[in-house]
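For reference, the structure is listed below as structure tokens.
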Amino acid sequence: MTWNRTSAARWRPSTSPTPNNRAGGRLCSRSPSPTLSAQEATLANPDYRALAAQAHSDAESATLDNVRDRFLRAESAWLTMARRQDATDAARARRDAETHARNPTVPEEG
């Protein structure tokens, strides 16, 4: 007895629309637009210090020790993320300045 695969067992690309494939069918090779809407930009760069301040405020108003500790841990995590974001922004600015110094015809972003 020989074994044959059926067409149902084969993998086929989805024909359903997805976030990266709005038209359905095979994925197109074009990358999504690099410009972000205001809401997408806010979500891409949240205000970590404001979130840390909110977590600190919540910790001060918490009545249970475990809840207070959770908010204080959250505050610490938000502040760590804020420091990382600052370091990333500084490195990006430094890299852009170096790129512009090497090739003045490249327009500066910002």
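On the basis of the beta-carbon distance and an R0 of 35 Å, Leu64 and Ala87 show a calculated FRET efficiency of 0.50. According to a simple spin-label model (label point 7 Å from Cα along Cα-to-Cβ), what is the distance in nm between Ala44 and Arg102? Placing both labels 7 Å beyond Cα along the Cβ direction yields 2.3 nm.
Averaged over residues, the count of other Cβ atoms within 10 Å places the peptides 72-79, 54-61 in the sequence 72-79, 54-61, highest first.
Asp69 sits among other residues whose Cβ lies under 12 Å from its own Cβ, and their net charge, with Lys and Arg +1 and Asp and Glu -1, is 0.
Taken together, the values in this text are just the output of simple stated rules run on the coordinates, not laboratory data. Model, not experiment: these values are computed from the prediction. Positions of Cβ are backbone-derived with ideal geometry, glycine not excepted, and every protein chain shown enters the neighbour counts.
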